[in-house]
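The values are calculated or read from the model by the stated rules, or taken from the named source; none is laboratory data. Small disclaimer: the values here were computed from a predicted structure and weren't measured. No Cβ is skipped: glycine too gets one built from the backbone with ideal geometry, and neighbour counts run over all protein chains shown.
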Amino acid sequence: MILPTFAFIYSNNKHKTEKKAVVRRIKYEAELDHNFGEHIAAHAYGERLMSCIQCGTCSATCPLSHYMDYTPRKVIAMTREGFKEEVLNSLTIWLCASCYSCVVQCPRQIHITDVMYALKREAIASGYFPRRLPIPVLAKAFFNLVKRNGRNTESWLLVNLYMRTNPFKMFKESILGLRLLLAGRMSLIPDRIKRRAELSTILKAVQAGKGASKS
Amino acid sequence: MNYLYYPGCSLHSTGRAYHESMIAVFKALEIPLEELDDWNCCGATSYFSIDETEAFALAARNLELAENQSGNGNANLVAPCAACYLVLTKTQHYLTTYPDIKNKVNDALDKVGLHYEGKTSVRHPLDVLVNDYGLEEISRRVKKPLKGLKVACYYGCQVVRPFATFDDALYPTSMDRLVKALGGEPIDWPLKTRCCGGSLTGTIQEVGLRLSRALLRDAQKRKADILITCCPLCQHNLECYQGRINRKMHDHIDLPVAYFTQLMGVALGIPEKELGIQRLFNKPHFTVEAPMKGEPVHA
Ligand code: SF4
Ligand code: SF4
């Protein structure tokens with residue numbers, strides 16, 4: 001959250017001089033994006049988003065909430081209230097492992113996992129995610145591979161991922177890769193479907209359909 | 001009943017042993033299984049983070065191919081990979097709930113002469129074996145009972161949540177009952193549907209490993225001899241990183257992790273080679289030595 005700083009105060013004590021900023025800690029109504037909640041709720045299975053009672057069951061059940069910058073409950077609240085920047089910049093949406101525990105426990109039957117997906121797509125579309133964060137890179141590499149071949153080949157996907165994020169990691173992982181290869185658990189030959197043209201016609205038609213419905 | 005098999009991408013690589021053992025088990029039980037011709041990737045979680053409608057179209061192509069291939073239209077599509085199973089059931093659910101998405105997807109499928117009707121049932125092999133085939137018949141066919149083997153049954157997230165209806169979403173019991181039918185002892189294990197970290201072990205490994213570790217440690221504490229899973233990603237995460245977890249977090253984890261179909265195959269007397277047991281890094285012992293005279297039998 002980028003909020004205005006009003007003044008700096010220097011506090012001197014025996015040990016050190018400390019510079020402290022006087023900052024407004026809350027956002028004003030006018031700074032929020034009031035359409036954001038409705039916009040996200042318009043995605044498939046998002047419609048119950050507005051009925052959240054902030055009970056926190058989702059955060060309690062989420063196995064990843066203690067690594068998240070905002071817990072799932074907070075993400076729901078912030079999305080609804082229009083904290084667009086904060087939500088799309090958060091690591092929470094990328095840490096969500098789609099385990100669906102929150103969904104089956106939520107007393108309001110909110111599809112929290114799908115809200116997270118909607119937020120991920122929104123973040124990618126509006127360029128909000130951290131450039132070298134491996135998760136969106138993995139998603140994109142996967143997307144392109146499947147689009148081309150109709151199937152995913154894990155070895156190709158991982159090489160692609162490491163090249164784009166952290167080439168050194170590839171060497172670290174290569175021992176495991178070799179063991180998998182020797183055990184017959186990894187293949188270097190790309191897996192493809194036969195009727196690739198058919199698949200690409202379908203995917204192109206989906207895009208064409210979207211363009212038509214927008215105009 | 002007519003079953004079509006949807007292996008999914010993982011069962012062609014990291015999950016090869018799952019593929020082999022499942023085929024072997026179905027064959028031993030004489031359940032006919034035919035592979036879906038020219039199936040494509042289900043879209044997995046990653047595709048859904050980029051383009052939702054395309055992801056639904058990908059999944060729907062498979063459901064539609066199954067409708068065509070089964071002849072009478074009422075196909076049972078067996079998807080062993082948890083992620084595929086989830087995506088296929090989710091797609092069905094969405095296309096039923098949102099007719100406008102269904103229309104969009106069908107407009108695209110029409111271009112290549114396919115049309116999705118929604119007649120395919122997506123099934124997990126665990127569901128097929130336990131509920132269609134039946135535990136009684138399975139236990140009748142057991143040749144080598146898993147006497148005394150303490151088994152941690154791990155279901156993971158996506159086989160039981162959120163669209164599956166064949167078992168409980170948080171405390172399922174199908175696999176535990178199956179292990180009992182095979183003569184083994186399922187351990188009481190509250191973490192059986194807690195997330196193993198999923199693809200985080202490949203992306204933010206420090207976090208992914210911690211999730212896997214919590215499961216492994218607890219299964220070991222409860223004296224499991226082996227952990228079995230029904231998902232290729234869970235198997236990979238829980239088996240391949242034990243060394244790294246031990247090194248990084250000063251732990252002592254040493255627990256064989258196999259597919260439930262492998263354990264089943266062993267009990268049915270199928271040779272280990274056909275079940276892909278040789279592909280496991282941590283070779284399990286399927287027989288527990290009888291306790292010496294006078295030694296207390298562990299409860
Ligand atoms: S569990 Fe559901 S109702 Fe409760 S805080 Fe989470 S989203 Fe809101
Ligand atoms: S689906 Fe995501 S937000 Fe929900 S419990 Fe699982 S990791 Fe947490």
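Can you name the residue in the range B:1-32 that is hydrophobic (A, V, I, L, M, F, W, C) and within 30 Å of A:T201 (Cα to Cα) and is also surrounded by the most Cβ atoms within 10 Å (Cβ to Cβ) among such residues?
Checked the range B:1-32; the qualifying residue surrounded by the most Cβ atoms within 10 Å (Cβ to Cβ) is B:C9.
Residues A:I124, A:I135: which one is more than 15 Å from ligand 1 (Cβ to nearest atom), buried (at least 20 other Cβ atoms within 10 Å of the Cβ) and modelled with pLDDT under 90?
Exactly one residue qualifies, and that residue is A:I135.
Would you say A:C52 is outside the structural domain of A:N152 (by TED's automatic domain parsing), under 27 Å from B:T193 (Cβ atoms) and surrounded by fewer than 21 Cβ atoms within 10 Å (Cβ to Cβ)?
Yes; evaluated as a whole, the condition is true for this residue.
In this structure, is A:I53 among the hydrophobic types (A, V, I, L, M, F, W, C) and closer than 21 Å to B:Y94 by Cβ?
Answer is no for this residue.
Pick out, from the range A:13-129, the helices (runs of 4 or more DSSP H) lying fully within it that include 1 or more residues that are away from ligand 2 (no atom under 16 Å from the Cβ) and away from every other protein chain (no Cβ under 14 Å).
The qualifying helices (runs of 4 or more DSSP H) are A:36-41, A:72-81, A:84-89.
Residues that are closer than 24 Å to B:E30 by Cα and among the basic types (K, R), at least 2 per element: which helices (runs of 4 or more DSSP H) completely within the range B:134-210 meet that?
In the range B:134-210, the matching helices (runs of 4 or more DSSP H) lie at B:174-181.
Please go through the range B:79-127 and pick out each residue that is buried (at least 20 other Cβ atoms within 10 Å of the Cβ) and among the β-branched types (V, I, T).
B:V87, B:T89, B:T91, B:V105, B:T120, B:V122
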